[in-house]
Amino acid sequence: MKSQKENFLDILTNYQGIFHKVSWVYFKNKTDREDNIQEIIYQLWKSYPTIKNHNSIGSWIYAVSINTSLSRIKKESRLEYRESIPELSDKSDFIEDLSMNESLKLLLNAIYKLDELDKSIMLLYLEEKSYDEIAEIIGISKSNVGVRINRAKESLKQNLNK
């Protein structure tokens, strides 16, 4: 029989892609992403003993990862006043860290321009989560998920056509 710690480490190994993706969506800077991942792992460990449904581990990890990332952004925004959010350019360390095709770079740049909630929704949508799953993870109604996805798609189209 595995210990709680061993089970948790297995979960981290099997689902690490989730918190890495969430960090990529919210943080452009490599150091910020790494710090955020550490905070996500800490928050997952703290809440692991209270998880009720072990059949929805992925949804739980998405929810904790998104909420941790949003909390970090809110905390940092209180610490530093920004006149405007800097645009992501092809010269940023974010893009240099990735070896990806140009289409994916353009999509990530467009996603960065969405508000935090829409970033979360589109991340889950691109992960092919159902509207029900997205609604559960984000904490909004299924119909609101549909509306926000359609609006985000329109915004992404406009940003990608520029």
Residues of segment 111-138 being among the hydrophobic types (A, V, I, L, M, F, W, C) and surrounded by fewer than 19 Cβ atoms within 10 Å (Cβ to Cβ), which ones?
-> LEU117, LEU126
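Scan TYR42, TYR15 and give me the residue that is loosely packed, with under 15 Cβ neighbours inside 10 Å, aromatic (Phe, Trp, Tyr) and either part of a helix (DSSP H, G or I) or out of contact with any Phe, Trp or Tyr (no Cβ under 6 Å at 6 or more places or on another chain) (or both).
The match here is TYR42.
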Cross-chain or 6+ apart pairs with Cβ under 7 Å, segment 131-142 first and farther than 17 Å from GLU116 by Cα, then among the hydroxyl-bearing types (Ser, Thr, Tyr) = GLU133/SER59; LYS142/TYR131
Any idea which of LYS30, LYS46, LYS21, LYS2 is modelled with pLDDT under 90 and not hydroxyl-bearing (Ser, Thr, Tyr)?
-> LYS2
Single unsatisfied condition, LYS74 versus (1) under 15 Å from the mean Cα position of the chain (by Cα); (2) at pLDDT 90 or above | (2)
Please indicate, with yes or no, whether at least one residue in segment 81-102 is modelled with pLDDT of 75 or more and within 23 Å of LEU124 (Cβ to Cβ).
-> no
Would you check if there is a residue in segment 37-50 being closer than 25 Å to TYR112 by Cα and within 12 Å of the chain's Cα centre (by Cα)?
-> yes
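The values are calculated or read from the model by the stated rules, or taken from the named source; none is laboratory data. Nothing here was measured: the structure is a model prediction, and the numbers come from that model. Positions of Cβ are generated from backbone atoms using ideal geometry, with glycine treated the same way; all protein chains shown enter the neighbour counts.
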